[in-house]
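The values are calculated or read from the model by the stated rules, or taken from the named source; none is laboratory data. Computed from a predicted structure; not experimentally measured. Positions of Cβ are generated from backbone atoms using ideal geometry, with glycine treated the same way; all protein chains shown enter the neighbour counts. These accessible areas exclude ligands, DNA and RNA; they are computed on the full protein's heavy atoms, side chains included. Shrake-Rupley method; radii C 1.70, N 1.55, O 1.52, S 1.80 Å.
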Amino acid sequence: MSIDIQKTIAEIALERPQAAAVFEKLGIDYCCGGRKPLAAACEEAGVEVNQVEDLLKSAGPDEQPAENWSEQPLASLVGHILQKHHSYCREEGLRLQPLLAKVVSKHGENHPDLVQVEELFTALRNELSMHMMKEEQMLFPYIIALEDAVAHRSSAPRAPFGTVQNPVRMMVQEHDDAGRLTKEIRTLTGDFTTPQDACPSFKALYQGLEAFEADLHQHIHLENNILFPRAIALEDVAQSA
């Protein structure tokens, strides 16, 4: 199986559902950094393109094919993001925050980086909370109304933000900010590697933080690489009608 190394990471992730797990394993950014060509992304992550090809080949097709969100209605995609990713982000954040405080209180003296991890995770949760609220209250309802208007050939809804490109630009920037915070957490935790003196709570914390990061990557991928481009294209259609 050959891969066009000039294709972007996002394009490959869209074409091959199993690619996201491979990229996650190799530390290749397919969400915020999805606009980079494969060759450049591999160089940045310090992995060989051949290694990516081999892992994709061995992964094979998913046993249960992933939903093709490039073809599903935007309302369905928004519903999926809300139910799977926004809910997870809030619920898991509520679970991890006290667990993190507990581990810091017990191990912070011997592992001072944990204090900074707690600060970064708190900042990440706060940023995501405001970010998701803006999406849920303004951007997502507009996208759904826009799709409905195009489907019924009616007038496009009034956009309080001028054009959908304006909030999309802001959301992408906030995604980049969240991505930087998760990278800092990963670096401080040594790729979520627990020390020898780690207790079960310490291990559970790192497992949870790593899962939180992986879900956020998929969340951002769906928005940056599918929802937002489709919304922009749909608005162009509505304005030209």
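Annotations for the structure displayed:
- Residue in segment 102-118 that is within 23 Å of residue 20 (Cβ to Cβ), open to solvent by less than 70 Å² (accessible area, probe 1.4 Å) and either in a helix (DSSP H, G or I) or not hydroxyl-bearing (Ser, Thr, Tyr) (or both) present: no
- Against the test of being over 23 Å from residue 29 (Cβ atoms) and assigned to a helix (DSSP H, G or I), the options 99, 124, 128 yield a single qualifying residue, 99.
- Taken over segment 135-158, residues that are touching a residue at least 24 places away in the same chain (Cβ under 8 Å) and either under 12 Å from residue 223 (Cβ atoms) or not in a helix (DSSP H, G or I) (or both) amount to 6.
- When 239, 218 are checked against the criterion of being within 24 Å of residue 142 (Cβ to Cβ), at pLDDT below 95, over 12 Å from the mean Cα position of the chain (by Cα) and in a helix (DSSP H, G or I), 239 stands alone in meeting it.
- Among the residues listed as 181, 227, the single one being open to solvent by less than 10 Å² (accessible area, probe 1.4 Å) and at pLDDT 95 or above: 227
- Lone unmet requirement of (1) surrounded by 14 or more Cβ atoms within 10 Å (Cβ to Cβ); (2) in contact with a Lys or Arg (Cβ under 8 Å, 6 or more places away or on another chain) for residue 156: (2)
- Residues that are under 16 Å from residue 132 (Cβ atoms) and among the hydrophobic types (A, V, I, L, M, F, W, C) were ranked within segment 69-95; the one that is farthest from the chain's Cα centre (by Cα) is 94.
- Residue within segment 135-152 that is under 26 Å from residue 22 (Cβ atoms) and open to solvent by 40 Å² or more (accessible area, probe 1.4 Å) present: no
- Residues of segment 119-134 satisfying the condition of being open to solvent by 40 Å² or more (accessible area, probe 1.4 Å) and hydrophobic (A, V, I, L, M, F, W, C): 123, 130, 133
- Screening segment 36-67 for residues that are modelled with pLDDT of 80 or more and open to solvent by 60 Å² or more (accessible area, probe 1.4 Å) and picking the one that is nearest to residue 84 (Cα to Cα) gives 36.
- Scanning segment 176-195 for residues that are without any contact (Cβ under 8 Å) to a residue 24 or more places away in the chain and in a helix (DSSP H, G or I) gives 180, 183, 187.
- Conditions (1) open to solvent by less than 20 Å² (accessible area, probe 1.4 Å); (2) in contact (Cβ under 8 Å) with a residue 24 or more places away in the chain; (3) in a helix (DSSP H, G or I); number of the one not met by residue 198: (3)
- You will find that of 94, 74, the residue that is open to solvent by less than 40 Å² (accessible area, probe 1.4 Å) and on the phi < 0 side of the Ramachandran plot is 74 and no other.
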